[in-house]
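Q: Sharing a structure, written as structure tokens. Questions coming.
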Amino acid sequence: MTDFFVTWSRQRDAQLLPVRRAVGDEFVLDEGRLVYDFTSTSFQASFGHSHGPIVSRIADQLYLMPMASPKADFELKRNATKELLDLVNLDGRIMFTVSGAESVENALKIARQQTGRSVVLARKKSYHGATLGAMSVSGDWRRDGHLNFEEGTLRIPEPGDDPHGVEMHRMVESFGPDRVAALIVEPITGTNGVYIPPASWWQAAVDLCRRQGILLICDEVLVGFGRCGSHFAFQQFGIQPDMITMSKGISGGYIPFGAVWVNDRLSRYYDQEILRAGLTNYAHPLGLAALQGVIHSLRDSNFQQAKQRLELKFSEEISRLAAQFNASAVRLRGLLAAIEFGQRTLPAWPHFVDHGLYVFTKANMLILAPPFVSQPHRLSQAFEALHEALAMIR
């Protein structure tokens, strides 16, 4: 037992990783053993643990101006905002936050305020954060045991079960579209299985939103900033959301940080109306500095070429792993993959730490998301260790 709480755990049997330090794509444990960070920690350490373009910018900003008033106007704030808008490649404005859950909360508040409607469409296989509103629209086990805003959420079928959105349309028509403020969806599902909606589902979802005045919120907290190949996952589906929630990769995890992109039409509402939202650490300078380091890397041609080589090696190794262990399903985009192993239940992460790996497992599913800065040969070594770890599971 520790004097601090361990998240998402029963405290009497909570398990911890005894880390001394972290560098590159690895943890160094207390006894000096190296553990490959196969899930980019909690899917936020996309650029590893010692990425120069991020570290140097944070260090410089720490001595220049380490904090600022939410209403402060300074060069870094203006420049980083413009660079983020360029990366999104859609017209609009940015609201800064300090976490993914807060990004979702603010997107939900905007949607409900501007539409005058209270209900949000959400999927069962989803996770949007641990605050009240974000947890209410989440669908997985982490929402259990809390008094959620149940009347504010309508569960729609999974795209795989309703590929043309027929049941989704029917549900909304029956429920009353004039009661629905928004549809929130991870363009590619994160820890609930890397599910990728087909083009037919996206067409149905966009059609529903446009015809019924329902706002489309894309939750890019886990899959944004290059994780799935493109800068943002929504860009792979030819859609234009009304809002985009961001965190995790936005700062590479170096600083707690987040943002909401809001389209021009919704943004203009606040030219005349009060924006009833804000945070003490709004547009935190250290977060903005980290964001610039992230964008600099994503825009760097050498970095992108190295990342593409890593994506190719990752795909090859995933295919080899799936064939070796007769995987029942594989879902892969960029540097994010889910592999299902039929009826086999996988052990939790400590089993894999014994083999020098830090991974994410859920029932029969293994989810992998290596850091972008990993080298192909090091990734192959990690997969060899993964083969050994899986071979020992009965």
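The values are calculated or read from the model by the stated rules, or taken from the named source; none is laboratory data. All of these numbers come straight from a predicted model, not from anything done at the bench. As a convention, Cβ positions derive from the backbone with ideal geometry for all residues, glycine included, and neighbour counts pool all protein chains shown. We work out accessible area using only protein heavy atoms, side chains counted, and drop any ligands, DNA or RNA first. Shrake-Rupley method; radii C 1.70, N 1.55, O 1.52, S 1.80 Å.
Q: Please check which bits of the stretch 280-315 a label hung off MET65 would reach, taking the label as a point 7 Å along Cα-to-C-beta and the cut-off as backbone N under 15 Å.
A: 281-290
Q: Defining a contact as two alpha carbons under 8 Å apart and six or more residues distant in sequence, what relative contact order in percent does the chain show? Can you show the working numbers first?
A: Details: 736 pairs, mean separation 88.7, N = 394.
Reported as a whole number, the value is 23 percent.
Q: Once the other residues with Cβ under 12 Å from the Cβ of THR41 are scored (Lys, Arg +1; Asp, Glu -1), what is the net sum? Can you show the working numbers first?
A: On the way: positive: LYS248; negative: ASP25, GLU26, ASP37.
Summing Lys/Arg as +1 and Asp/Glu as -1 gives -2.
Q: For a test of the definition: using alpha carbon positions, the gyration tensor, and the 1.5 limit on a/c, classify the stretch 17-172 as rounded, prolate or oblate. Kindly include the intermediate steps, with their values, before the conclusion.
A: Values: a/c = 2.22, a/b = 1.38, b/c = 1.61.
Oblate is the answer for the stretch 17-172, as a/c is 1.5 or above yet b/c matches or exceeds a/b.
Q: Then there is this: Please find the FRET efficiency linking THR280 to ASP3, where r is the Cβ-Cβ separation and R0 is fixed at 35 Å, and quote it to the nearest 0.05. Before the final figure, lay out each step's value.
A: On the way: r = 26 Å, r/R0 = 0.74.
Approximately 0.85, to the nearest 0.05.
Q: Based on the alpha-carbon gyration tensor of the stretch 211-282 and its eigenvalue square roots a ≥ b ≥ c, which shape applies: rounded if a/c is under 1.5, prolate if not and a/b is larger than b/c, or oblate? Show your work: numbers first, answer last.
A: Numbers: a/c = 2.96, a/b = 1.16, b/c = 2.55.
Oblate shape, in that a/c is at least 1.5 and b/c is the bigger or equal ratio.
Q: Right, something else. Using amide H atoms built 1.01 Å from N in the peptide plane, name the residues 5+ places from TYR195, or on other chains, whose amide H lies under 5 Å from its own.
A: Here THR189 satisfy the definition.
Q: Please compute the modelled spin-label separation between ARG170 and SER301, points set 7 Å along Cα→Cβ, answer in nm with one decimal.
A: 5.3
Q: If you don't mind, there's one more thing I want to ask. Hey, could you grab the Kirkwood Rh for the chain? Inverse mean 1/r over distinct alpha carbon pairs, Å, one decimal. Could you put the intermediate results ahead of the total?
A: On the way: mean 1/r = 0.0458 Å⁻¹.
Value: 21.8 Å, from the Cα pair sum.
Q: Which of the pairs LYS124/LYS362; LYS82/LYS248; LYS77/LYS248; LYS109/LYS362 have their Cα atoms more than 23 Å apart in this structure?
A: Working: LYS124/LYS362 15 Å; LYS82/LYS248 19 Å; LYS77/LYS248 19 Å; LYS109/LYS362 31 Å.
Listed pairs above 23 Å: LYS109/LYS362.
Q: Mean separation of Cα pairs under 8 Å and 6+ residues apart, divided by the residue count of the stretch 130-199: what relative contact order is that in percent? Each step should come with its number before you reach the end.
A: Working: 40 pairs, mean separation 16.8, N = 70.
It comes to 24 percent, rounded to a whole number.
Q: Among GLN381, ALA290, VAL23, which residue has its Cα furthest toward the positive end of the charge dipole of the chain, with +1 on Lys/Arg Cβ and -1 on Asp/Glu Cβ?
A: Looking along the dipole axis, the top candidate is ALA290.
Q: Is the C-alpha gyration tensor of the stretch 15-84 telling us rounded, prolate or oblate? Criteria: a/c under 1.5 is rounded; beyond that, a/b larger than b/c is prolate, otherwise oblate. Before the final figure, lay out each step's value.
A: Working: a/c = 2.76, a/b = 2.40, b/c = 1.15.
Prolate.
Q: Can you tell me the accessible area per residue over the chain, all protein chains present, probe 1.4 angstrom, in square angstrom?
A: Numbers: 17470 Å² over 394 residues.
I get 44 Å² per residue for this part.
Q: From the helices alone, meaning DSSP H stretches of at least four residues, give me the mean residue ellipticity at 222 nm for the chain, per-run term -39500 (n - 2.57), in deg cm²/dmol to the nearest 500. Please report the intermediate quantities before stating the final value.
A: Details: 12 runs with 143 residues, N = 394.
Taking each H run of at least 4 residues, the total per residue is -11000 deg cm²/dmol.
Q: How high is the relative contact order of the stretch 279-394, given as a whole-number percent (alpha carbon pairs under 8 Å, six or more residues apart)?
A: Values: 116 pairs, mean separation 25.3, N = 116.
Rounded, it is 22 percent for the stretch 279-394.
Q: Between GLU102, GLU311, GLU384, where does the largest GNM mean-square fluctuation fall for the chain, given springs only between Cα atoms within less than 10 Å?
A: GLU384
Q: Then there is this: If you average 1/r over all unlike Cα pairs in the stretch 249-391 and invert the result, what Kirkwood radius do you get in angstrom?
A: Values: mean 1/r = 0.0553 Å⁻¹.
For the stretch 249-391, the Kirkwood estimate is 18.1 Å.
Q: Could you give the nm distance between label points at MET392 and ARG12, where each point is 7 Å from its Cα heading toward the beta carbon?
A: Label at MET392, label at ARG12, 2.8 nm between them.
Q: How do 291-298, 351-358, 181-188, 364-371 rank on mean C-beta neighbours within 10 Å, highest first?
A: Numbers: 291-298: 22.1, 351-358: 18.9, 181-188: 25.2, 364-371: 23.6.
Those peptides, ordered most packed to least, come out 181-188, 364-371, 291-298, 351-358.
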